[in-house]
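Colleague: Following this message is one structure expressed as structure tokens.
The values are calculated or read from the model by the stated rules, or taken from the named source; none is laboratory data. As the structure is a computational prediction, the values presented were derived from the model and not from experiment. Positions of Cβ are generated from backbone atoms using ideal geometry, with glycine treated the same way; all protein chains shown enter the neighbour counts.
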Ligand SMILES: Nc1nc(=O)c2c([nH]1)NC[C@@H]1CN(c3ccc(C(=O)N[C@@H](CCC(=O)O)C(=O)O)cc3)CN21
Ligand SMILES: O=c1ccn([C@H]2C[C@H](O)[C@@H](COP(=O)(O)O)O2)c(=O)[nH]1
């Protein structure tokens, strides 16, 4: 939690105002932030200086792992975060690749599970990684990337947290996640949960122990309409200790994640938090 608040404070103190054409808003911006999460000791990096809707963040991750491409699929598992990008963004509404209401196109999990090759076949990046890690193999290329420049025009948004690299040292699994663009008040609150949970889940289904998760952010920003709430409200609050994430131990395979896992299989214990803050969202 301290590293999150330090990043927020750094943006407030040292950020540079940058015009963003896509949203039409200015963002107070810094470049480069490195966050580390202690998954080995189950220090769940949940924001405590406001109420965090962590279940929606885990649902979003589950949707990516399943290869979802439609906001209705995300809603069905308890996540509303893609409604606006799928349905309220004029550039995407005008895009001939959009297949109708709620379609997100070839984003995130579609690339992770069904990367299209020139010969018409597909690559399941996640399955290859799970198979390797289960056998204790780290070929130094255990990389899950959603970043496919050749298909940016076929999706509603380029992936923000775009590449997850897994590493094995003995039977301890590490994760390094790279993010090109980060809405610190809203997105990071979710992304921290996702990086932590991804390592915890991958360790669990491949029979390894979780180590540390490293989260590398390039462009970290606060939108102009979010700044007063962050600076004058959230940053004045004193954080509480980290809670713990409990994952149903019956989840033991990728197939389990694909078929029966729901948000009921995740529980957070010891979550003390301040009152919610509703930050404006930019489409
Ligand atoms: N501008 C922007 N920021 C983002 O963080 C973001 C995007 N766009 N587009 C794609 C996804 C969608 N994400 C989102 C979208 C909405 C919330 C949000 O509204 N969160 C609320 C409550 C969520 C709930 O009730 O479930 C929050 O208070 O955290 C968070 C992340 C993250 N990404
Ligand atoms: O997981 C996510 C997804 C999105 N975001 C934020 C970062 C930006 O504010 C927008 C995306 O806009 P771009 O113009 O494509 O950079 O969404 C996030 O923080 N986390």
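Colleague: Got at least one residue in region 109-119 being surrounded by fewer than 19 Cβ atoms within 10 Å (Cβ to Cβ) and on the phi > 0 side of the Ramachandran plot?
Modeller: Looking for residues that are surrounded by fewer than 19 Cβ atoms within 10 Å (Cβ to Cβ) and on the phi > 0 side of the Ramachandran plot, one finds none in region 109-119, hence no.
Colleague: Quick check: is even one residue across region 82-93 assigned to a loop (DSSP other than H, G, I, E, B), crowded, with 18+ Cβ neighbours inside 10 Å and within 16 Å of ligand 1 (Cβ to nearest atom)?
Modeller: Yes, the conditions are met somewhere in region 82-93.
Colleague: Going by what's in this entry, would residue 4 be described as surrounded by 17 or more Cβ atoms within 10 Å (Cβ to Cβ), away from ligand 1 (no atom under 15 Å from the Cβ) and not in a loop (DSSP other than H, G, I, E, B)?
Modeller: So residue 4 does not fit the description; no.
Colleague: Restricting to region 159-177, give me the number of residues that are over 18 Å from residue 113 (Cβ atoms) and within 12 Å of ligand 2 (Cβ to nearest atom).
Modeller: 1
Colleague: Sticking with this one: Can you tell me which residue within region 32-51, out of those that are buried (at least 22 other Cβ atoms within 10 Å of the Cβ) and within 13 Å of residue 190 (Cα to Cα), is farthest from ligand 2 (Cβ to nearest atom)?
Modeller: My answer is 44.
Colleague: Something else: Within region 132-139, is there a residue that is within 16 Å of ligand 2 (Cβ to nearest atom), at pLDDT 95 or above and either over 13 Å from the mean Cα position of the chain (by Cα) or closer than 24 Å to residue 230 by Cβ (or both)?
Modeller: no
Colleague: For residue 233, all conditions in the list (1) within 16 Å of ligand 1 (Cβ to nearest atom); (2) in contact with a helix residue (DSSP H, G or I) (Cβ under 8 Å, 6 or more places away or on another chain); (3) without any contact (Cβ under 8 Å) to a residue 60 or more places away in the chain hold save one; what is the number of the exception?
Modeller: (2)
Colleague: Inspect region 193-203 for any residue being farther than 14 Å from residue 46 by Cα, touching a residue at least 24 places away in the same chain (Cβ under 8 Å), within 16 Å of ligand 2 (Cβ to nearest atom) and out of contact with any helix residue (DSSP H, G or I) (no Cβ under 8 Å at 6 or more places or on another chain) and give the result as yes or no.
Modeller: No, region 193-203 has no match at all.
Colleague: Restricting attention to region 246-283, which residues are within 19 Å of the chain's Cα centre (by Cα), more than 14 Å from ligand 1 (Cβ to nearest atom), surrounded by fewer than 16 Cβ atoms within 10 Å (Cβ to Cβ) and touching a residue at least 60 places away in the same chain (Cβ under 8 Å)?
Modeller: Residues satisfying the conditions are 258, 262.
Colleague: If you don't mind, there's one more thing I want to ask. Restricting to region 9-34, give me the number of residues that are within 23 Å of the chain's Cα centre (by Cα), in a strand (DSSP E or B) and away from ligand 1 (no atom under 16 Å from the Cβ).
Modeller: 4
Colleague: To continue, here is another question. What's the number of the condition residue 42 fails, among (1) at positive phi; (2) without any contact (Cβ under 8 Å) to a residue 60 or more places away in the chain?
Modeller: Of everything listed in (1) at positive phi; (2) without any contact (Cβ under 8 Å) to a residue 60 or more places away in the chain, residue 42 misses just condition (2).
Colleague: Being crowded, with 22+ Cβ neighbours inside 10 Å and within 23 Å of residue 51 (Cα to Cα), is that true of even one residue in region 163-178?
Modeller: So far as region 163-178 goes, no, none of its residues is crowded, with 22+ Cβ neighbours inside 10 Å and within 23 Å of residue 51 (Cα to Cα).
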